[in-house]
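Student: Quick one: the structure is below, questions incoming.
What follows is calculated from the coordinates using simple rules that are stated; it is not laboratory data. These numbers were taken from a predicted model, which means no experiment stands behind them. Methodologically, a virtual Cβ is constructed for each residue, glycine included, from the backbone with ideal geometry; neighbour enumeration extends over all protein chains shown.
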Amino acid sequence: MFMNVNELTTPVQEAMDIVLASVKPLDYEIVSIIDAYNRVLYQDIVSNIMIPSADDSAMDGYAVIAEDTYGASSDSPVTLQVVGEVRSGGPVHIGGVSQGKAVRIMTGAVIPKGANSVIEVEYTEEDNGYVRIFQEAEKYKNYRIAGESIKKGDKILRKGTRLSSADIGILASLNHNTVNVYRQATVSIISTGDELVDLGNETQNGQIRDANAYVIYSEVKKLNAVPRYLGITKDTLHDVQDVFFKALESDVVISTGGVSKGKYDFVKKAYGELGIETLFENVNVKPGKPCTFGTKGNRLVFGLPGNPVSALTSFIQFVRPALLRLMGAVNVYQPVVNAYLEEDIKMKSGRVHLLRGQFTVRNNDFYVATTGNQKSSILSSMSKANCLIMVPEHLASIKAGEKVPIQLINHS
């Protein structure tokens, strides 16, 4: 089905397609709706009730016949007799509303028979059993019709929906105490390289701190998957193979480093030893060219580059949509919009470039500038970025003022 990967560079879109074609969504589990926020629905939610269940009031005020209030103003109020009160959750006013009469009503209370409008209490004044109304009431103003929000039989939430706070409220309104959601993916995270030192240990002889593991761990948590950090593995085939063997207990394996052509880059060789089928091993993108992807059964295995920015941009492009799809989500890509470039940019053509950028919105238009030095080792430029400027592979330069596509990666 897939190409011979030896020495080949896979186009970005083709790599994305290969990844998503390899994803088989997980099964489901039952969770309380209290724990369901940001989880993905495994089932359609169909209402078996009507909300509201009866015509009710959207405001505190008086249930009236709208025609009785015509001509009312602050200088010439209309006076109606108050013949009762109905509270939210209380009984319907038995007598109803007839001409010249009004019923005091609270928000959410069932509208009495005969009334066709509710005038807000702010435009009234009650005294000795009568209410003066200082504004005309429009027909069906502040009048919520039965089933206006949800009708019986309506498909309210669809399978694949990532549950928002409002969605949780809908589930509660429909008396769902629990809900079926896709299982959270388990994700093993591996850092490779003799040069890496974990937190709390002394660095020496050019060693560096392992930032990648914490970057990837945070991204996995953000997507509501379950990360498992397996630590730093040394640059020997035995060590790499051993940690990958343990990692394959998870649904997804993400390693950083060891995927280039160096003498001590053993990740791709470990794939072969463990029966992981490599589907691509280089992508035509900068940063992030040495990015590998393979599968073993239903398990997904990503080998990301060792440079921090390359690892993070590769995660955003390939791992993020795979994880979301694995956990049942329908919408898996970050939004892309067009923005006016605020500076000239130059690069070598031949590869898709993902430049770290910061966009602003002015007069309903997007504007974008780079966050500075674009070297893949400079993580601070990614920290400042809220988007990636997407430069097609055929371009070598873009002038300020031209429009460019930007991928929104941090737009809260």
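Student: How far is helix 212-222 tilted, in degrees, relative to the longest principal axis of the Cα atoms in the chain, given as a value from 0 to 90 rounded to the nearest 10?
Tutor: 20
Student: From the cross-link list K159/K261; K24/K222; K268/K403; K222/K289, which pairs have alpha carbons spaced over 32 Å apart?
Tutor: The pairs that break the limit, which is 32 Å between Cα atoms, are K159/K261; K268/K403.
Student: I would also like to ask the following. Ratio of the range 120-238's C-alpha Rg to 2.2 N^0.38 Å, to two decimals?
Tutor: Compared with the compact-globule rule of thumb, the range 120-238 sits at 2.18.
Student: In debye to the nearest 20, how big a dipole does the range 56-144 give about its Cα centre with +1 on each Lys and Arg Cβ and -1 on each Asp and Glu Cβ?
Tutor: 400
Student: What list do you get for V361, V78 if you sort them by fewest beta carbons within 10 Å?
Tutor: V361, V78
Student: May I ask for the percentage of alpha-carbon pairs in the range 56-144 that lie more than 19 Å from each other?
Tutor: Value for the range 56-144 (Cα pairs over 19 Å): 25 percent.
Student: Put +1 on the Cβ of every Lys and Arg and -1 on every Asp and Glu Cβ in the chain; which of F359, V215, G147 then has its Cα farthest towards the positive end of the dipole?
Tutor: Final value for the positive-end residue is V215.
Student: Please list the non-local residues whose amide H lies under 5 Å from the amide H of R299, H modeled 1.01 Å from N, same-chain partners needing a gap of 5 or more.
Tutor: none
Student: Tally Lys/Arg at +1 and Asp/Glu at -1 over every other residue whose Cβ is under 14 Å from the Cβ of F302; what's the total?
Tutor: Spelling it out: positives minus negatives among the neighbours equals +1.
Student: In degrees from 0 to 90, rounded to the nearest 10, what is the angle of the helix 237-247 Cα long axis to the longest principal axis of the chain?
Tutor: It is inclined by approximately 20 degrees.
Student: Could you sort 172-181, 242-251, 381-390 so that the peptide with the highest average Cβ count within 10 Å comes first and the rest follow in order?
Tutor: Put in order of decreasing packing, that is 381-390, 242-251, 172-181.
Student: Turning to a different aspect of this structure: When the dipole is taken about the Cα centre of the chain, and only Lys, Arg (+1) and Asp, Glu (-1) are charged at their Cβ, what size is it in debye, to the nearest 20?
Tutor: In total the dipole reaches around 1180 debye.
Student: Run through the DSSP bridge list for the chain and note the antiparallel percent, rounded to the nearest 5.
Tutor: 70
Student: Related question: Give me I170, I30, I406, I208 sorted ascending by neighbouring Cβ count inside 10 Å, so fewest comes first.
Tutor: I30, I208, I170, I406
Student: Put +1 on the Cβ of each Lys and Arg and -1 on the Cβ of each Asp and Glu in the chain; which of Q13, P335, A66 then has its Cα farthest toward the positive end of the dipole?
Tutor: Sorting the options by dipole projection puts first Q13.
Student: Next up: In terms of modelled amide H atoms, which long-range or inter-chain residues lie less than 5 Å from the amide H of R183?
Tutor: Close amide H contacts, sequence-distant or interchain: D27, Y28, E29.
Student: Using modelled backbone amide H atoms (1.01 Å from N, in-plane), which distant-in-sequence or interchain residues come within less than 5 Å of I150's amide H?
Tutor: So I150 has HN proximity to I51.
Student: Could you tell me the distance between the Cα centroids of the range 5-80 and the range 248-297, to the nearest Å?
Tutor: Between the Cα centre of the range 5-80 and that of the range 248-297, the gap is 40 Å.
Student: To continue, here is another question. So if I restrict to the alpha-carbon atoms in the range 1-158, what is the Rg, and what is Dmax, the biggest pairwise distance, in Å?
Tutor: Rg and Dmax of the range 1-158, Cα atoms, are 27.4, 91 Å.
Student: Highest GNM mean-square fluctuation, the chain, Cα pairs closer than 10 Å: which of E393, E67, E402?
Tutor: E67
Student: Let me ask something additional. So what's the angle, to the nearest 10 degrees on a 0 to 90 scale, between helix 12-21 and the longest Cα principal axis of the chain?
Tutor: 70
Student: Please rank Y140, Y229, fewest neighbouring Cβ atoms within 10 Å first, as an exposure proxy.
Tutor: Arranged by neighbour count, lowest to highest, Y140, Y229 become Y140, Y229.
Student: GNM, the chain, Cα, under 10 Å: largest mean-square fluctuation among S164, S218, S149?
Tutor: S149
Student: Quote the convex hull volume per residue of the range 312-412, based on C-alpha atoms, as a whole number of Å³.
Tutor: Expressed per residue, the convex hull around the Cα atoms of the range 312-412 is 111 Å³.
Student: Using a simple charge model, +1 on the beta-carbon of Lys and Arg, -1 on the beta-carbon of Asp and Glu, nothing else, what dipole does the range 278-412 show about its Cα centre, in debye to the nearest 20?
Tutor: Roughly 360 debye for the range 278-412.
Student: Among (1) 36, 27, 19; (2) 60, 26, 18; (3) 35, 22, 20, which is the computed semi-axes √(5λ) of the Cα gyration tensor in Å?
Tutor: The listed entry that was calculated here is (2).
Student: Comparing A211, A15, A329, which has the greatest mean-square fluctuation in the GNM of the chain with Cα pairs linked when under 10 Å apart?
Tutor: A211
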